[in-house]
Amino acid sequence: MLKKFVKFLLVIILVLAIYVVGNGASVYLYSYIDETRKADVAVVLGASVAYNRVSAVYRERINHAVDLYEDGYVSKLILTGGKVEGQEYSDSEVAKSYAISKGVNKNDILIEELFPMPYTCVELC
């Protein structure tokens, strides 16, 4: 009985290992597929600001949009993010300043600051 249990356990471990390696390989290989194409705008969903600085997640979203802008894939950026109670500036205002500091023309930036949570903006816009 113990041998059957050990064999069963080894089979389960093997199946799980194959599953994990297969998923890892799939994610790794997918990272090399470039689906970049031209669009009118890039929409950057807010991800909070602190002390008038964009968070690390928001910064990288903006950086990606700036790269698309600089490479000519988009001509405008839409930055989202409203003001949460206690904040001096909205997320999108802070993001706009950051994008301008990265070389984006201020006339090419549109901001949405009515909704403090990005999913609300996406649902209602």
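The values are calculated or read from the model by the stated rules, or taken from the named source; none is laboratory data. Note that the coordinates shown come from a computational prediction; the quantities given were computed from them, not determined experimentally. All Cβ positions, glycine included, derive from the backbone under ideal geometry; neighbour counts span all protein chains shown. Heavy atoms of the whole protein, side chains included, go into the accessibility calculation; ligands, DNA and RNA do not. Shrake-Rupley method; radii C 1.70, N 1.55, O 1.52, S 1.80 Å.
Highest first, please rank the peptides 29-37, 71-79 by the mean number of other Cβ atoms sitting within 10 Å of their residues.
Those peptides, ordered most packed to least, come out 71-79, 29-37.
Within the set of other residues whose C-beta is less than 15 Å from the C-beta of Leu110, count the net charge using Lys and Arg as +1 and Asp and Glu as -1.
Here the charged neighbours net out to -3.
From the backbone phi of segment 70-85, what are the Karplus-calculated ³J(HN,Hα) couplings (6.51 cos²θ - 1.76 cosθ + 1.60, θ = phi - 60°) in whole Hz, Gly and Pro given as x?
Values per residue, Gly and Pro as x: 5, 7, x, 7, 9, 10, 9, 10, 10, 9, 10, x, x, 9, 8, 3 Hz.
Quick one: what Rg and Dmax do you get for the chain from the alpha carbons, in Å?
That works out to 21.9, 74 Å for Rg and Dmax.
Just to confirm, what accessible area per residue do you get for the chain at 1.4 Å probe, in whole Å²?
Computed with neighbouring chains in place, this is 74 Å² per residue.
In cubic angstrom, how much convex hull volume per residue do the alpha carbon atoms of segment 1-65 span?
146
Computing the accessible area with a 1.4 Å probe over protein heavy atoms, can you report the carbon and sulfur percentage for segment 27-75?
The computed percentage sits at 54.
Residue by residue through segment 49-59, which ³J(HN,Hα) values in whole Hz follow from phi under the Karplus form 6.51 cos²θ - 1.76 cosθ + 1.60 (θ = phi - 60°), with glycine and proline marked x?
Result, ordered by residue: 10, 9, 6, 6, 10, 5, 5, 4, 5, 5, 4 Hz.
For Ile100 paired with Ala56, estimate the spin-label separation in nm (one decimal), with each label point 7 Å from Cα along the Cα-to-Cβ line.
Rounded to a tenth, the inter-label distance reads 2.8 nm.
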